[in-house]
Amino acid sequence: MSVEESAEESVESTEEIAAPEEANEAQPAGKSKASDRDPMDLTDEELDQIADTAIAALRDILKYFNVGEVTIDEYEGDEGELILDITGDDLAVLIGRHGRTLDALQFVISAITVRKIGFRFPVIIDVEGYKNRQREKLEALARSSANKAAAQHRNVKLRPMTPYERRIIHVALRDDDRVDTVSEGEGSARHVIVMPVD
């Protein structure tokens, strides 16, 4: 079994573990679970410790992928999350089919980071901007679905998505007064419905 197949299987087997977070998909920014820490409440030293912990874990795991020399760029996302973007040659193995390997890698790095720092902090793993491009596509899908729902006065059901993808849809539409969003379904069939507001 290849590393990629192992990583994809770990995503499938960990979806049930990640399920409790699904309840927080549409949660407005600034409202978090008790175990979460608001990035604004952290000192620069604590943020550096989180980044160093996540980068060290990521470098350790990347050794098993035989991807050669890579660069890990660290930056802050729009909602205060830590984004680690991996760049290098021939990194397709890190993304995997439909981004499943990348999702598994992010899950593992987040779990290691939480265990070492003692609280949950959002860490996003990206490969050469792949997730950023996917995010832009999902935000465009969210806007077009909202326009369709509002214009046709009917619900728009989107394809099944991962918790991360569903959250992007919810966040993209949270300030759109014309529509509401809700996640429905179970497991890999869970999807977002965009509903017009009467």
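Computed from the coordinates by the stated procedures, all read-outs in this text should not be read as laboratory data. The model shown is predicted, which means the values in this text are computed figures rather than measured ones. Here Cβ is always computed from backbone atoms with ideal geometry, including for glycine, and neighbour counts include all displayed protein chains.
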Q: Could you tell me the distance between the Cα centroids of segment 52-105 and segment 137-175, to the nearest Å?
A: 27 Å
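Beyond a 30 Å Cα-Cα separation, which of these cross-linked pairs lie in this structure: K63/K116; K63/K131; K116/K157?
Working: K63/K116 20 Å; K63/K131 22 Å; K116/K157 39 Å.
Violating the 30 Å limit, Cα to Cα: K116/K157.
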Q: Just subtract the alpha-carbon distance of S144 and T71 from 0.36 nm times their residue separation and send over the number in nm, one decimal.
A: 22.7 nm
Q: Would you kindly derive the ³J(HN,Hα) couplings of segment 161-178 from the backbone phi angles with the Karplus curve 6.51 cos²θ - 1.76 cosθ + 1.60 (θ = phi - 60°), listing them in order in whole Hz, with x for Gly and Pro?
A: 9, 6, x, 4, 5, 4, 4, 4, 5, 4, 5, 4, 10, 5, 9, 8, 5, 7
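Between A151 and A111, what is 0.36 nm times their sequence separation minus the Cα-Cα distance? Round to one decimal in nm.
Numbers: separation 40, 0.36 × 40 = 14.40 nm, distance 4.22 nm.
Net length gain for the segment: 10.2 nm.
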Q. Counting other Cβ atoms within 10 Å of each Cβ, which chymotrypsin sites (Phe, Trp or Tyr not before Pro) in segment 95-150 have at most 14 and sit in a DSSP loop?
A. F119
Q | Table column - 3J(HN,Hα) (Hz), segment 101-109, Karplus curve with 6.51, -1.76, 1.60, x for Gly and Pro | A | 5, 5, 4, 5, 4, 4, 4, 5, 4
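Are there any GluC sites (Glu not before Pro) in segment 44-117 that are in a DSSP loop and have at most 13 other Cβ atoms within 10 Å? List them by number. Write down the numbers at each step before the final one.
Numbers: sites: E45, E46, E69, E74, E76, E79, E81; in loops: E69, E79, E81.
Here the GluC sites (Glu not before Pro) that fit, given the DSSP loop and packing criteria, are E69, E79, E81.
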Q.
Whole-Hz ³J(HN,Hα) for each residue in segment 64-69, computed from phi via Karplus 6.51 cos²θ - 1.76 cosθ + 1.60 with θ = phi - 60°, x for glycine and proline: what do you get?
A. 7, 8, 6, 9, x, 6
